[in-house]
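Working notes, structure below.
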Amino acid sequence: MHTPDQNNPWTTLSSEIKYENPWIRVTEAQVLNPAGKPGIYGVVHFKNRAIAIVPLDEDRNTWLVGQYRYTLHTYEWEIPEGGCPEGEDPLIGAKRELEEETGLQASQWDLVLEMQLSNSVSDEVSYTYIARGLHEVGSSPEETEQLHVRKLPFDEVVNMVHRGEIKDGLSVASILKVKLMMDQGMI
């Protein structure tokens, strides 16, 4: 749903890259805000799109990936996730991430959720797929990943969200979306 006035109320006076690495670029813009007053606006541009997968077997089990998250200095449980380079089909990235992180391949893929992850400071978008028709092929995590994989009943994973044991935003939204689809008989 869009608002009646879709015109951009911001005026960009200038823009400068303040930081860049292989994964992100941070830009600072000198702007006139919607009230016409000068200000700054920082934007984090992600060079990959976020990909998430909810693998489901015929018994409604799913897989979680546990790993230490450097940014928060905590150990977290999440659904399989990763990045998809600009220009790559998100489904190809999802298939790669599922296999890398869990050692699973799937014969059926359905896109169930597209999100803007933090649209006040970032242009990062995400795509969540349900993967079904699963079979094991062996995992091959990236060198930056030290992963633990758990197979759990999907309902237990939903309970983990409710208990605050899963906090990653993309995981929470994806799990709850799949639960809603199950409750509505869509899955």
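The values are calculated or read from the model by the stated rules, or taken from the named source; none is laboratory data. Since the structure is predicted, the reported quantities are computational estimates derived from the model, not experimental observations. Positions of Cβ are generated from backbone atoms using ideal geometry, with glycine treated the same way; all protein chains shown enter the neighbour counts.
Would you check which residues across the stretch 15-38 are aromatic (Phe, Trp, Tyr) and assigned to a strand (DSSP E or B) and list them? Working first, answer last.
Of the stretch 15-38, the ones aromatic (Phe, Trp, Tyr) are 19, 23.
The one that is aromatic (Phe, Trp, Tyr) and assigned to a strand (DSSP E or B): 19.
Just need a number here: residues in the stretch 144-160 that are assigned to a helix (DSSP H, G or I), loosely packed, with under 14 Cβ neighbours inside 10 Å and touching a residue at least 60 places away in the same chain (Cβ under 8 Å).
1
Which condition does residue 96 not pass, out of (1) over 14 Å from residue 48 (Cβ atoms); (2) free of Cβ contacts under 8 Å to residues at least 24 places away in the same chain; (3) in contact with a Gly (Cβ under 8 Å, 6 or more places away or on another chain), if it passes all the others?
Failed condition: (1).
Residue 27: at pLDDT 95 or above, surrounded by 12 or more Cβ atoms within 10 Å (Cβ to Cβ) and not assigned by TED's automatic domain parsing to the domain that holds residue 112, yes or no?
In short, yes.
Would you be able to say whether some residue in the stretch 12-19 is loosely packed, with under 12 Cβ neighbours inside 10 Å and under 24 Å from the mean Cα position of the chain (by Cα)?
Yes, because at least one residue in the stretch 12-19 is loosely packed, with under 12 Cβ neighbours inside 10 Å and under 24 Å from the mean Cα position of the chain (by Cα).
Name the residue, out of 122, 118, that is surrounded by fewer than 16 Cβ atoms within 10 Å (Cβ to Cβ) and farther than 18 Å from residue 64 by Cβ.
So the residue among 122, 118 that is surrounded by fewer than 16 Cβ atoms within 10 Å (Cβ to Cβ) and farther than 18 Å from residue 64 by Cβ is 118.
So which residues in the stretch 25-50 are among the β-branched types (Val, Ile, Thr) and out of contact with any Ser or Thr (no Cβ under 9 Å at 6 or more places or on another chain), if there are any at all?
26, 40, listed by residue number.
Which of the residues spanning the stretch 170-187 are surrounded by 13 or more Cβ atoms within 10 Å (Cβ to Cβ) and either at pLDDT below 95 or not polar (S, T, N, Q) (or both)?
The answer is 170, 172, 173, 175, 176, 177, 178, 179, 181, 182, 187.
Restricting attention to the stretch 39-91, which residues are closer than 30 Å to residue 17 by Cα, not charged (D, E, K, R) and not in a strand (DSSP E or B)?
70, 71, 72, 73, 87, 90
Does residue 52 satisfy the criteria of being in the same structural domain as residue 179 (by TED's automatic domain parsing), surrounded by 12 or more Cβ atoms within 10 Å (Cβ to Cβ) and closer than 18 Å to residue 176 by Cβ?
In short, yes.
Keeping to the stretch 156-166, report how many residues are out of contact with any Phe, Trp or Tyr (no Cβ under 9 Å at 6 or more places or on another chain) and of a type in the set (D, E, K, R).
2
How many of the residues in the stretch 161-184 are of a type in the set (A, V, I, L, M) and either within 15 Å of residue 60 (Cβ to Cβ) or not in a helix (DSSP H, G or I) (or both)?
Adding up the residues that qualify gives 6.
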